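Trainee: The structure follows.
The values are calculated or read from the model by the stated rules, or taken from the named source; none is laboratory data. Predicted model, so just to flag it, every value in this text is computed and none were measured. All Cβ positions, glycine included, derive from the backbone under ideal geometry; neighbour counts span all protein chains shown.
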Amino acid sequence: MNHRIADRFWIRVCAAAAVAASLAFTDVTDAANATAVPGGVYAWPVPENSQNIRFQNRSVLVANSTALVGIPIKQPLGTATLTFLQHGQQRTHAFEVVDKRYTEQRITLKNQEMVTPNPEQLQRIRDESTRQRAIYARVSPSVDLSAGFTLPLRGRTTSLFGHRRFFNDQPRNPHSGLDIAAPTGTPVTAPGPATVALVDDLYYNGKTVFLDHGQGLITMYCHLSAQTVSTGDRVEQNQQIGLVGATGRVTGPHLHWSVSLNGYRIDPVTFRSKLADAVGLEPESIAR
Ligand SMILES: [Zn+2]
């Protein structure tokens, strides 16, 4: 029994049990499937007649009647809660966040300014963070995600999401995206339909493109040698948005790809497979 069938089966069982137990508005949690990891995605088949699903008071993406909830990498382990409206009643749904051991990565950078920026550079980095936070907070109208998410670049994966990183032995935030290496100039494409939210040049991330896929799903493409779209452009799935490069804090040409869901950076690999599952596709079958 695959997970989605198991989910549906469980919901039917729970619905019957809830009727038998009369109108107690307690939530029933599927212990086998109702789990997520920090930095992952919690997929929840939305009950009928439900709306306004929120996590930590941020609205959540729904694709094909499945809520896909971004879990922050710093989320404490244990019970987490979604809120939603059903038949006009405020309801909750609980799920468990379980541990995931992310590996460590040690990186040596020759350019010390990329490890310890000076005050002027720090101010630039702070200003850039403010701009990025505003983009990650956007919740635009939904777009068609029924074709899933394609890979923006074919290449060798050089760093996974979540690595606990040390630059020249100094601890830094966990790796917030997926690194794919390819020669400078290789085309980078949009994984799904989107509006270009921002084309920017950032201290650490270099030449960067942000895509807004609606409902709080934002993706970011960094270290490009060139951006080939402009802020406000509409792009289709697999349309070129830039070229691989080595701008910003890098040790060689690669794409850093981040996926942000309801304001939190999450594992792009997990998101692709959860979205494919939600819309009824095999991840391997998605073109490109
Ligand atoms: Zn990276």
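Trainee: Which of (1) more than 19 Å from the chain's Cα centre (by Cα); (2) in contact (Cβ under 8 Å) with a residue 60 or more places away in the chain; (3) buried (at least 23 other Cβ atoms within 10 Å of the Cβ) does residue 218 not meet, given it meets every other one?
Mentor: Unmet condition: (1).
Trainee: Same structure again: Taking the stated definitions as given, is residue 75 over 21 Å from the mean Cα position of the chain (by Cα) and either closer than 20 Å to residue 204 by Cα or at pLDDT 90 or above (or both)? So that I can check it myself, show each step before the final result.
Mentor: Values: over 21 Å from the mean Cα position of the chain (by Cα): no; either closer than 20 Å to residue 204 by Cα or at pLDDT 90 or above (or both): yes.
So residue 75 does not fit the description; no.
Trainee: Evaluate the following for residue 278: is it in contact with a strand residue (DSSP E or B) (Cβ under 8 Å, 6 or more places away or on another chain), outside the structural domain of residue 153 (by TED's automatic domain parsing), of a type in the set (Gly, Ala, Ser) and away from the ligand (no atom under 16 Å from the Cβ)?
Mentor: Criteria met by residue 278.
Trainee: For the range 229-269, how many residues meet the condition of being polar (S, T, N, Q), within 16 Å of the ligand (Cβ to nearest atom) and modelled with pLDDT of 95 or more?
Mentor: Residues flagged as polar (S, T, N, Q), within 16 Å of the ligand (Cβ to nearest atom) and modelled with pLDDT of 95 or more within the range 229-269 amount to 3.
Trainee: Here's a follow-up. Within the range 171-211, which residues are over 12 Å from residue 223 (Cα atoms), out of contact with any His (no Cβ under 7 Å at 6 or more places or on another chain) and either modelled with pLDDT under 95 or within 13 Å of the ligand (Cβ to nearest atom) (or both)?
Mentor: Listed by number, the residues that qualify are 171, 172, 173, 176, 178.
Trainee: Moving on. Considering only the range 143-170, state which residues are within 12 Å of the ligand (Cβ to nearest atom) and hydroxyl-bearing (Ser, Thr, Tyr).
Mentor: Correct list: 157, 158, 159.
Trainee: Answer yes or no: is there a residue in the range 191-202 that is surrounded by fewer than 21 Cβ atoms within 10 Å (Cβ to Cβ), farther than 30 Å from residue 141 by Cβ, acidic (Asp, Glu) and touching a residue at least 60 places away in the same chain (Cβ under 8 Å).
Mentor: no
Per-residue answers, yes or no, for (1) among the hydrophobic types (A, V, I, L, M, F, W, C); (2) free of Cβ contacts under 8 Å to residues at least 24 places away in the same chain:
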position: 62; (1), (2): yes, no
position: 66; (1), (2): no, no
position: 75; (1), (2): no, no
position: 86; (1), (2): no, no
position: 91; (1), (2): no, no
position: 104; (1), (2): no, no
position: 126; (1), (2): no, yes
position: 130; (1), (2): no, yes
position: 137; (1), (2): yes, no
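Trainee: Would you tally the residues in the range 49-63 being over 15 Å from residue 264 (Cα atoms), polar (S, T, N, Q) and surrounded by 15 or more Cβ atoms within 10 Å (Cβ to Cβ)?
Mentor: Here is the first cut: in the range 49-63, the residues over 15 Å from residue 264 (Cα atoms) are 49-53, 62-63.
Okay, now just the ones that are also polar (S, T, N, Q), so 49-52.
Remaining after also requiring surrounded by 15 or more Cβ atoms within 10 Å (Cβ to Cβ): 50.
Result for the range 49-63: 1.
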